[in-house]
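Reading through the structure tokens given below for one structure.
The values are calculated or read from the model by the stated rules, or taken from the named source; none is laboratory data. What you are looking at is a predicted structure, and each value in this text was computed from that prediction instead of being measured. Reconstructed Cβ throughout: ideal geometry from the backbone, glycine too, with neighbour counts over all protein chains shown.
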Amino acid sequence: MEARAYLRNARISPRKVQIVLDLIRNKPVDLALAALDLTPKAASPIVSKLVKSAQANAVNNFSMDGDNLYVAECFVTPGPIMKRIRPRAQGRAFRVFKRTSHITVVLKEKE
């Protein structure tokens, strides 16, 4: 039995999210949330909210024990890229890529 939470089209680069997800993979939920609260990264509040959502899904929808949950899987995939133009010298234009992410967190119960 597993509980999932998704965040689609988050306006943050997948590289930035991947660093934070590597910190919490295979950790109990309470330790993962504590690590996210103390991590000074832009993705930390986003991932923290997602882990709390997955925990609520597990407890309310699947009747799992909230104390025995751990982060079984967490991964990020790139979403659509917004292409913007930045003016440069001598009338040229410079492409700016505003990257987005699809983030998934999966919680399971310890056996």
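Before moving on, here are some points about what is shown:
- The residue pairs whose first member lies in the range 84-107 and is more than 14 Å from Ser13 (Cβ to Cβ) and without any contact (Cβ under 8 Å) to a residue 12 or more places away in the chain, whose second member is of a type in the set (Gly, Ala, Ser) and assigned to a strand (DSSP E or B), and whose beta carbons are closer than 9 Å, counting only pairs six or more residues apart or on different chains, are Ile85/Ala93; Arg86/Ala93; Pro87/Ala93.
- Among the residues making up the range 13-37, those that are surrounded by 15 or more Cβ atoms within 10 Å (Cβ to Cβ) and either among the small types (Gly, Ala, Ser) or outside any helix (DSSP H, G or I) (or both) are Ser13, Lys27, Pro28, Ala32, Ala35.
- Selection count, the range 10-29, where residues are free of Cβ contacts under 8 Å to residues at least 24 places away in the same chain and farther than 27 Å from Pro80 by Cβ: 0
- Tally, over the range 1-12, of residues that are charged (D, E, K, R) and surrounded by 14 or more Cβ atoms within 10 Å (Cβ to Cβ): 2
- Pairing residues of the range 46-58 that are free of Cβ contacts under 8 Å to residues at least 12 places away in the same chain with residues that are outside any helix (DSSP H, G or I) and among the basic types (Lys, Arg), at Cβ distances under 9 Å and at least 6 apart in sequence or on separate chains, gives no pairs at all.
- Complete set of residues in the range 44-89 that are hydroxyl-bearing (Ser, Thr, Tyr) and either outside any strand (DSSP E or B) or on the phi > 0 side of the Ramachandran plot (or both): Ser44, Ser48, Ser53, Ser63
For (1) aromatic (Phe, Trp, Tyr); (2) out of contact with any helix residue (DSSP H, G or I) (no Cβ under 7 Å at 6 or more places or on another chain); (3) under 15 Å from Arg4 (Cα atoms); (4) at pLDDT 95 or above, each residue gets a yes or a no:
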residue: Met64; (1), (2), (3), (4): no, no, yes, no
residue: Asn68; (1), (2), (3), (4): no, yes, no, no
residue: Ile85; (1), (2), (3), (4): no, yes, no, yes
residue: Ala93; (1), (2), (3), (4): no, yes, no, yes
residue: Phe97; (1), (2), (3), (4): yes, yes, no, yes
residue: Ser101; (1), (2), (3), (4): no, no, no, yes
residue: Val105; (1), (2), (3), (4): no, no, yes, yes
